[in-house]
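Throughout, read-outs are computed from the coordinates displayed, never taken from laboratory work. Note that the structure is a prediction, hence the values are computed from the model and not measured. Note: ideal-geometry Cβ built from the backbone for every residue, glycine included; neighbour counts use all protein chains shown.
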Amino acid sequence: MKLYTTEKIRNIGLVGHGGTGKTSLAEAMLFHTGANTRIGKVDDDSSVMNYDPEETKRKATVGTSLAALEYKDHKINLLDAPGFDDFLGEVYKISGAIDMAIVTVNAQSGVEVGTEKNWAILEEAKTPRIVYLSKLDKENINLDKTMAQLKSLDSKITPVIVPWGTFDKLKGVIDLIDMKAYAYTDDKGKAIEVKDVPADMMDYAKGLREPMVESIVECDEALMEKFFDGQEISPAELRAALRKGLAKNDIKPLVSGMALKSIGTENLLDFIVSCTPSPAECRVLPAVKAGTTEEVVFTNDPNGPVCGFIFKKINEQAGDMIFMRAISGTFLPGTEYYNPTTESFERFSAFATLRGKTKIDIEKVVAGDIVALVKPKNSTHGHTLCEKAHQVLVKVPALPQAKLTYAVNPRTKQDQEKMGVGLNTLCADDGVLTYKFDPELGQGLLSGLGDTHIDVTVSRLKSRWGVDVDISKPKIPYRETIKGKSRVQGKHKKQSGGRGQYGDVWIRFEPLPGGDFEFVDEIVGGAVPGNFVPAVEKGLQEARRRGALAGFHTIGFKATIDFGSYHDVDSSEMAFKLAATIAFKKGIVEAKPVLLEPIYEVAVTVPDEFMGSIIGDLNSRRGRILGMEPLGGQQIVKARVPLAEMYKYATDLKSMTQSRADFTMTFSSYEEVPANVTEQIIKEYKTADEEAEA
């Protein structure tokens, strides 16, 4: 591929609700620019962009893919992101790497929940956007209703290229800037007739053009003065002002098309080249000098100090690959670049861009461009590559936290290590997924944004590492404590020929509110020699790892050794350690043991219409409502809920609110479990222990 200057590059992300035609639009653009000989389709596995085996199997996008297009002496880096909720992390990743997003909206369905969620992510990242009205061939399209929904979503949305008919009357599109109608007369979108706006569409077009012109001239003060003076505004002036407004995120133009027949595709490509800003005109993510809070400002200058940030990493059979957005300087192959996060260097012998899975070599990478780098040593998502003499860290958008957790176990013990390696690799690539092994409960915990996110991970684990796993409800890290006091004797005496074993202690147990464990030595007169006392404490520490009530870690108690006895020959550290264990088991049972459960503070952000359902559901989960706070047409419901009741809450919340609510949860404290629930837990976990031992 030829080298393009920063001014000739466009970085575009395709985002939107699932099923609105993002990938189909990318395929139409590939076809129309000559990068493919036909319009690939997701349904028949001919898609260039959906090449991952999981995407082929599911007929849906699950990861962001890159396609570099060439059109009218411009390079368009197209990033096609998933639309499904479980993979929203991909939209966060690209939101800082792109200069413009195309948000696809189904003309029939209008604004859907995925539209709102993607819009909010882009709004937070201050990413300029275009709305692409898709699926114009569907029945029962009410354009007025859809346009009204879009205006409610954002008042800056301004129709610029609108449909010329819908369903079986779909002929093409109308460009309101030059007031021309584009009739697409073949199924491939190659035969186009440019006409004046038909008489039956003129009132419709004029009614949209006037507010469009007003919105565009507001982006340029000089043009606005000319407009108010009653002077004619030329199409060239409107496009120049629109480009300025887009760069500043002051306007969000709406364009239209039907991807599978490539209707409107050429208009969209022309719009991208003429009306969307290059990286040289766009904002750059904030950066600081490494190790400081001092800000560094970059301007996508190819002559500046070299700097780029990694916004995505994937692991394939051929090895790791990272996607980097250059924001300053010019990267050259064979040169070492510094990673301040890992304090190490990366060197790449060659650079490439992609069209789906096809690699295309490029000579160098200028500021504003996007590149795929193969087999990095240790760089991953969120890292910065720069010159060691100019060490900086680019602040990439934070990713969402995982919401749904499963216990995950390999079906064979031999696969335990491979499972750990595979899951750690997949989690590092994904950025949202997390995996950790809980030694206390002896379980691996895999967390993601939803069931499909987890399912894709499990499937990849099998296909790439050959590991079959089972997922199940995770165990809860309960705790045990005491509410009463006791004083017991723990005596270990064993004689079986030769030297025996003898240890004898008296220990008082009492509550230690708010504390973990305290050991006190009150031995007087040498009843227990001082050299054996540490063994007593050690015995108690080991014994409390498996409590006397249900086998959980025991906390919040004080143990005081105040008497005991020993044998000159048979006493040993081990004997006193065992005596302490015996005392623990007796003393805790006599000191009114209770079960504690982890309580989490949960904050649910929910539209007003679902408030009743959310509060009722939280109450049914033994939650305690703490209060509510308004947030722009929504409410934040705050509650304290036992962790045991939050299993699959992410899935249930989607179901209750049509995926319009979100939540966060953070650990708060441990609280006593109600008596009726305690019995159930003891039965459940003791049965599980017995089965494991069997």
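The structure shown yields mean projected area of the Cα convex hull in nm², and of the options (1) 38.5; (2) 31.3; (3) 33.3 that calculated value carries the label (1).
Averaging the sequence gap over all C-alpha pairs within less than 8 Å and six or more residues apart, then dividing by the number of residues, gives the chain a relative contact order of 10 percent.
Modelled spin-label separation between Asp570 and Glu684, with each label point placed 7 Å from Cα along the Cα-to-Cβ direction: 4.5 nm. Here segment 22-166 carries DSSP beta bridges of which approximately 55% are antiparallel, counting only pairs with both residues inside. What's log10 of I(q)/I(0) for segment 268-327 at q = 0.20, 0.21, 0.25 Å⁻¹, Debye sum over Cα points only, no solvent? Here the Debye-derived log intensity ratios amount to -0.91, -0.94, -1.04. Remark on segment 450-515: hydrodynamic radius 18.1 angstrom, per the Kirkwood mean of 1/r across alpha carbon pairs. Please report the relative contact order for segment 352-461, taking Cα pairs under 8 Å with a sequence separation of at least 6, and give it as a percent rounded to a whole number. Computed value for segment 352-461: 21 percent relative contact order.
Taken over the C-alpha atoms, segment 562-648 has Rg and Dmax values of 24.8, 78 angstrom.
Which whole-number percentage describes the relative contact order of segment 480-591, with Cα contacts under 8 Å and a sequence gap of 6 or more?
Worked out over segment 480-591, it gives 44 percent.
In segment 422-525, taking the dipole from charged Cβ atoms about the Cα centre, the farthest positive-side position among Ile482, Phe509, Gly450 is held by Phe509.
Around the Cα centre of the chain, unit charges on the Cβ atoms of Lys, Arg, Asp and Glu (plus for the first two, minus for the last two) sum to a dipole of about 1460 debye. The value for segment 459-554 of Rg(Cα) / (2.2 N^0.38 Å) is 1.68.
Scaled against 2.2 N^0.38 Å for its residue count N, the alpha carbon radius of gyration of segment 597-677 is 1.06.
Among Ala603, Ile561, Gly632, whose Cα sits farthest toward the positive end of the charge dipole of segment 554-694 (+1 at Cβ of Lys/Arg, -1 at Cβ of Asp/Glu, about the Cα centre)? Checking the options against the dipole of segment 554-694, the answer is Gly632. In whole percents, the pair-distance distribution calculated for segment 35-161 from its alpha-carbon pairs, binned every 5 Å from zero, is 2, 9, 17, 20, 21, 18, 11, 2, 0. Relative to its Kirkwood radius, the Cα radius of gyration of segment 135-265 gives an Rg/Rh of 0.98. Here the simple spin-label model places points 7 Å from the Cα toward Cβ, and for Thr5 and Ser463 these points are separated by 4.3 nm.
Give me the percent of Cα-Cα pairs in segment 6-281 that sit more than 36 Å apart, rounded to a whole number. Walk me through the numbers before you get to the answer.
Values: 3138 of 37950 pairs.
I get 8 percent for the Cα pairs in segment 6-281 exceeding 36 Å.
Dividing the radius of gyration of the alpha carbons in segment 287-394 by their Kirkwood radius gives 0.95 for Rg/Rh. By the Cα gyration tensor, segment 88-168 has an equivalent ellipsoid whose semi-axes, rounded to whole angstrom, run 24, 12, 12 from largest to smallest. Using every pair of distinct Cα positions in segment 523-588, the Kirkwood expression returns a hydrodynamic radius of 12.3 angstrom. Using the alpha-carbon positions of segment 399-501, Rg (one decimal) and Dmax (whole number) come out as 21.1, 66 Å. Positive end of the dipole of segment 332-456 (Cβ unit charges, origin at the Cα centre): among Leu399, Gln416, Thr358, the Cα lying farthest that way belongs to Thr358.
Out of every Cα-Cα pair that segment 576-621 contains, those further apart than 13 angstrom amount to 72 percent. Multiplying the residue separation of Thr412 and Lys126 by 0.36 nm and removing their Cα-Cα distance gives an extension gain of 98.2 nm.
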